[in-house]
């Protein structure tokens, strides 16, 4: 806008000025150039105006044209253009507005004095000359104001920009050091540098950069800066700084050569690696710990990829297969361990690969007659994808042998209890036989003997029954192999024997047997289960009596057996412990605490389940489910 | 006056031959098939001797002994335990509870009579064997 006004005024002066222009063509050319330049300017982006390199020539150009226009219009008859030119120069050069005003005032007075001395003020055109004096002053003020405003804005922008970059510089998480190219002297450092080195800024400025490195790394540091000088930039993470307290700090350092104006600088940016190194050390240590645990476990451990490739094995595996780590690695597990062409049956790894869930199974090796329990556990990534699976192989041969032994010894103990029960049971009829026989011997009247002999016979038959039952019981106890077992039959026989022991407890036994399939089981062991449960039931009802309900019923793929009593019940707090070995509430000598544990072991061995429900003073119900294994047709 | 003996046993055959033996020996014999009956009979009659089984329905021999020995009216009646429980612990328990003689089944007539005369403090002459 300002320029437009200036153009119009200048053009007017040139065209209609007092002296008229001699060279009209020159005037027109000037006006056109001026106009065009202005039109061109409107297309310039605003940012260019704040560029001083562009702005000052523009102002100079404008001033020249306006002055020249004036010169042309007045044809040297006036000195006005010189004065105007002076004003512009003052305004441009001056940075201080007040000073400019003083200079403007003095100039105006000088000019006035000059005109007066020339006597121009008193002539007839004096008034027009007199007007020039305040005009000069106003013009000076006007131009001065424009220049001042522009420079102030410029300065403000610079300050903002400076603050912005200073903030970035100071608050950067990386340490930044600015070096003068010459002698690699430190010019500026940020706060992070102070933190990392322990020096304060004042101590670092003017120092040579090599003072920052410990003597033993000086060689390396010099090589590094040589490289920076050659390539313009370089990065290293093998150098360390010597802190003020003498401790070395490893840093990840990158240095770049930059040009700022005339001079070139090195900009060093570094990150303190102390924490990272600590973390790395921790990770390495924790890896070593894990490896030690891995190898220290005497059971076999291996990590397999989802395609069954062995990724890692522990020492136990190497020892077990008498091979080397290298021979196993990247092999498929079934190939390496078992010389198979596909995964083993019942392999828990297959289940884990499929379900991403832990799995376990018992695998028997016919080769060396061992039994292994194999556990597999998934290793997942953050998104829950399966990375690999840990396989844990536990040799349970010994454990199983001990378990068998335990069951066997409990069985023997059971037989012992039974034997004493049986002996007691036999003693009653035996007493009858002896007593009656003695009477018969003394009896003089032979007709009476018939009744005595009948009593003797009855007693003998009772004994015979007991012995028969005992024989079938012990026969079953001896059997080790699996055969088809009718659970109803076993329950019936067991009940008979247990009643002998717990004979006098007034218990009403209710049998609810449904027709059921035979299951494949070890008769002796099943009998042991029922013996223990029924004995417990009788004991629970000791003294108080009640009902014992034995029931069987077929389910879809299992057979359910329930032993239910109306006894004292099991306190809630003991319910989850009753199957634990040696857990007992009975007095010492009355129970071993193994009864229900044996029941649990035998049921689990038959792949069945056992549940207990109990309420104090109301009764207890044990529910066992044995799976039916139908031959696949 | 003949002496009165109460036989408590749930086995009928045992009661029977005891009765035959003891009646022949001149004793007055009463019988009870369980502990409850025994207590009832003891309350209604005076006995000189109690022969008691241990394992019986309703009320067992231990309880009978306890009640007999805690009642001032009956506590002086000698008690013979006659049981199939033949373990030492049971015998000690019996004596602890106040039983006067412990006899295990099976037994012979001679054994029985030895216990009897001991308990009734009878001289051998008084017993006709």
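Laboratory data are not the source of any read-out in this text; all were calculated from the coordinates shown. Since the structure is predicted, the reported quantities are computational estimates derived from the model, not experimental observations. As a convention, Cβ positions derive from the backbone with ideal geometry for all residues, glycine included, and neighbour counts pool all protein chains shown.
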For this session: Could you calculate the contour length gain from residue A:321 to residue A:609, that is, 0.36 nm times the residue separation minus the distance between their Cα atoms, to one decimal place in nm?
Result: 100.1 nm
Seminar exercise, completed: In Å, the Kirkwood estimate of hydrodynamic radius for segment B:12-129 over Cα pairs equals 14.6 Å
Exercise. Rounded, prolate or oblate: which one fits segment A:222-261, using the alpha carbon gyration tensor with axes a ≥ b ≥ c (rounded when a/c is under 1.5, else prolate when a/b beats b/c, else oblate)?
Worked result: prolate
Problem set entry | Fraction in percent of alpha-carbon pairs per bin - 5 Å, segment A:257-311 | 4, 13, 10, 11, 11, 9, 8, 7, 6, 5, 6, 5, 4, 1, 0
Exercise. Residue A:299 to residue A:330: extension gain in nm, 0.36 nm per residue of separation minus the Cα-Cα distance?
Worked result: 9.1 nm
Problem set entry | Likely footprinting exposure, A:253, A:239, A:533, fewest C-beta neighbours within 10 Å first | A:239, A:253, A:533
For this session: Work out, step by step, the length gained on full extension between residue A:118 and residue A:580: first 0.36 nm times the residue separation, then minus their alpha carbon distance; give nm to one decimal.
Result: 153.2 nm
For this session: Calculate, for residue A:355 and residue A:312, the FRET efficiency according to 1/(1 + (r/R0)^6) with r their C-beta to C-beta distance and R0 22 Å; round to the nearest 0.05.
Result: 0.50
Exercise. Name the residues of segment A:149-179 whose amide N is less than 20 Å from a point 7 angstrom out from the Cα of residue A:237 along the C-beta direction?
Worked result: A:173-177
Problem set entry | 20 Å reach of a label modelled at residue A:203, 7 Å along Cα-to-Cβ, counting backbone N of segment A:236-279 | A:240-251, A:270-274
Exercise. Cα centroid distance between segment A:267-288 and segment A:513-542, in Å?
Worked result: 66 Å
For this session: At 7 Å along the Cα-to-beta-carbon direction for both residue A:154 and residue A:252, put a label point, then send me their distance in nm to one decimal.
Result: 4.3 nm
Exercise. According to the square roots a ≥ b ≥ c of the eigenvalues of the Cα gyration tensor, what is the shape class of segment A:530-590, taking rounded for a/c under 1.5, prolate for a/b larger than b/c otherwise, and oblate for the remainder?
Worked result: oblate
Exercise. Points 7 angstrom from Cα along the Cβ direction at residue B:95 and residue A:510: gap in nanometres?
Worked result: 4.7 nm
Seminar exercise, completed: The exposure ranking of B:6, B:25, A:36, fewest beta-carbon neighbours within 10 Å first, is A:36, B:25, B:6
Problem set entry | R0 of 30 Å, Cβ-Cβ distance residue A:97-residue A:163: FRET efficiency to nearest 0.05 | 0.75
Exercise. Which order results if A:307, A:486 are arranged by neighbouring Cβ count within 10 Å, fewest first?
Worked result: A:307, A:486
For this session: Could you check the simple spin-label distance between residue A:454 and residue A:341, using points 7 Å along Cα→Cβ, in nm with one decimal?
Result: 8.1 nm
Seminar exercise, completed: One finds, for residue A:278 and residue A:218 with R0 = 30 angstrom and r their Cβ-Cβ distance, a FRET efficiency to the nearest 0.05 of 0.70
Problem set entry | Cα centroid separation, segment B:87-118 to segment B:1-47 (Å) | 16 Å
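When you look at the Cβ of every residue in A:422-429, what mean number of other chain Cβ atoms sits within 10 Å?
Mean partner shielding for this stretch: 5.
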